[in-house]
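Asks: What follows is a structure written as structure tokens; I'll ask about it next.
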Amino acid sequence: MSMSNAKSKVANTLIGIAGVHFVVSELSLRGLIALPTIRNTAGVDVIVASSNGSWHANLQVKTSQRKVTFWPVSTHYEQWRGGNNFYVFVRFLGNESRFEAFLESADLVAQQVRAETEKFRARGLKDWAPCWGLPKDEKECERLRRQWREFGQGHSAQY
């Protein structure tokens, strides 16, 4: 089943797996060690490290098979904070048959999700699922794309 086939819909679990493998593939091509965790590992989807072990990061990957502008995050987003923790938000661009990725620190994701959750609660909506959304400003979106493209630079093996 091809994702480019407009009539086909791939199961969410398979889309999630595809997103994780996309992230691992891209990071591996940058000369980094990128290891997907086994399914249902709490929090960490990909562990990435420099080849000499001097640097590492933990990634949570959120994937959509459509060109969405927001992704649900776990209700445990506050516990995921930390200097080495990041989110990679991945969406499939069907008209281009490719994935697009955005990278943000877990701290900034938690900050945005908390602010949005408070807005929804203030309006009386208590059962709102926490989500992270792309900024409306294209310059900010490009900053997130650039963070993804440059993630791990300076830590990969030099050949």
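Asks: Starting at 0 and stepping by 5 Å, how many percent of the alpha carbon pairs of the chain end up in each bin?
Replies: Bin by bin from 0 Å, the calculated values are 2, 9, 17, 21, 20, 16, 10, 5, 1, 0, 0, 0.
Asks: Another one. Could you give the length gained on full extension between Arg145 and Leu29, defined as 0.36 nm per residue of separation minus the Cα-Cα distance, in nm? Kindly include the intermediate steps, with their values, before the conclusion.
Replies: Working: separation 116, 0.36 × 116 = 41.76 nm, distance 1.70 nm.
Stretched out fully, the Arg145 to Leu29 stretch lengthens by 40.1 nm.
Asks: Only bridges whose two residues both fall in the chain count here: according to DSSP, what percent of them are antiparallel, nearest 5?
Replies: On the way: 19 of 26 bridges.
So the antiparallel bridges in the chain amount to around 75 percent.
Asks: What full-extension length gain, to one decimal in nm, is calculated for Arg66 and Gln111 as 0.36 nm per residue of separation minus the Cα-Cα distance?
Replies: Details: separation 45, 0.36 × 45 = 16.20 nm, distance 2.51 nm.
The Arg66-Gln111 span can extend by a further 13.7 nm.
Asks: If each of Ala129 and Leu14 carries a label point 7 Å out from its Cα toward its Cβ, how far apart are those two points in nm?
Replies: 2.0
Asks: Amide H to amide H, which residues 5 or more places from Glu104 or on other chains are under 5 Å from it, using H placed in the peptide plane?
Replies: Tyr87, Phe89
Asks: Which whole-Hz ³J(HN,Hα) couplings does region 69-76 yield from phi under the Karplus relation 6.51 cos²θ - 1.76 cosθ + 1.60, θ = phi - 60°, glycine and proline marked x?
Replies: Karplus values, whole Hz, x for Gly and Pro: 10, 8, 10, x, 10, 4, 5, 9.
Coordinate-derived values only; no laboratory data. What you see is a predicted model; the values in this text were computed from it and never measured. When we count neighbours, we look across all protein chains shown, and the Cβ atoms used for this are built from the backbone with ideal geometry, even at glycine.
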